[in-house]
Amino acid sequence: MLYFNKKSHSLCSRSLPLFTQLYPHFYNSKNQKQVPEKLLPTCILPHFLAVLYMDDGTLSITKRINHTKRRIYLTPSIMLALQCFPVDELNLLQQHIHNTFNYSFKLCSTPSGYGYMLRFTSVQHTFSFLNFISPVTNTCPSMFYKTNWQWRYNKEKQLLLEQYPNYEIVASSSDRYRSYSPEEINCIITLHKKGESISNIARVINRTYWSVVYKIRELKENNLL
C-alpha cells in the first residue's frame, strides 16, 4: 500500500479504494481534519499510541540547575502537537486514550492551530508511557530521540557535561525519592537474580521503570546486587 520515493525522500501511498473509504473518517465535508470517531474502538493496541506519538509527539526536557550541589535535574514531559484538531476533537481522543490505555493527557494552550494540544503533566506517566510503547518503538532507532529515554538522557548528559564539567546529571521522577521498603528491595534482588526484565520488576512492585533502574544501580554500587 505504501512505497518510498527516493527522489523526494518521502513515503507515498498508492491510489487504492481502501484510502477512498478511509478518507471521510479523517476529513469532514469541508476537508478539515477530524478524529475518526467510528474507528477509535478498533484502536486498542500499543501501536496506536506509538505511531501517534512518533508522528506528532515531542519529548520535552526541562532543566533545573543547582550550582550549590553541582547537580542538574532533567524533567521529561510528553506533548502531542495536535493543534490542527478543534478542542472537541481533542476531547474525544483524550477520552479514548484514558478509557483504553489509562493515560490522562491534559489540554494545554498553544498559539498555533485551534489553540490546544495534549500534554502529560506527570513525570511518572511520561516514563510509563514510553515503557508501554517500547515494544513497538524499539524497532525504530531513528526515533530514539523521542522514544528511548536512556538514549536521550545520555545525549543530554553528554552535552551538559561539556558545559558543566563535574556536575551530576539527575533525571527527575515522581517516585524516585519515595523510600523503598525492605520487602521491595528483597523482591528486586530476587527477581533481578532470576533474570527478570526491569519492566516486569517495575510491574510487580508497582514502581516506574526508571525508578527501578536507579534503585538497581544504587544496589550495585553498594554491593547488594
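The values are calculated or read from the model by the stated rules, or taken from the named source; none is laboratory data. Note that this is a predicted model, so its numbers are computed, not measured. All Cβ positions, glycine included, derive from the backbone under ideal geometry; neighbour counts span all protein chains shown. The area values use the complete protein model at the heavy-atom level, side chains included, leaving out ligands, DNA and RNA. Shrake-Rupley method; radii C 1.70, N 1.55, O 1.52, S 1.80 Å.
What to note about this one:
- Using R0 = 30 Å, the C-beta based FRET efficiency linking residue 189 and residue 162 works out to 0.25.
- Low-density loop cleavage sites - GluC sites (Glu not before Pro) in the stretch 177-225, where at most 16 other Cβ are within 10 Å (DSSP): 196
- Size-normalised alpha-carbon gyration radius of the stretch 4-48, reference 2.2 N^0.38 Å: 1.45
- Relative contact order of the stretch 147-218, pairs being alpha-carbon contacts under 8 Å that are 6 or more residues apart, as %: 26
- Number of Lys-Lys pairs in the stretch 140-224 with C-alpha atoms under 27 Å apart and a separation of 8 or more places or on different chains: 11.
- Using the Cβ-Cβ distance between residue 102 and residue 204 with R0 set to 25 Å, the FRET efficiency from 1/(1 + (r/R0)^6) comes to roughly 0.90.
- Averaged per residue, the chain has 61 square angstrom of accessible surface, using a 1.4 angstrom probe with ligands and nucleic acids left out.
- The stretch 49-167: proportion of alpha-carbon pairs further apart than 19 angstrom, %: 52
- Kirkwood hydrodynamic radius computed over the chain comes to 20.2 Å, based on all pairs of distinct alpha carbons.
- Radius of gyration over Kirkwood radius for the stretch 1-112, both on Cα atoms: the Rg/Rh ratio is 1.08.
- Calculated [θ] (222 nm, deg cm²/dmol) that DSSP helices of n ≥ 4 give over the chain, each run adding -39,500 (n - 2.57): -14000 deg cm²/dmol
- All Cα-Cα distances of the stretch 48-119, cut into 5 Å bins from zero to the largest, leave 3, 15, 21, 23, 13, 8, 7, 6, 3, 0 percent in each bin in turn.
- Modelled spin-label separation between residue 56 and residue 42, with each label point placed 7 Å from Cα along the Cα-to-Cβ direction: 1.9 nm.
- The three principal axes of the C-alpha atoms in the stretch 139-225 carry coordinate ranges of 40, 34, 23 Å, sorted with the longest axis first.
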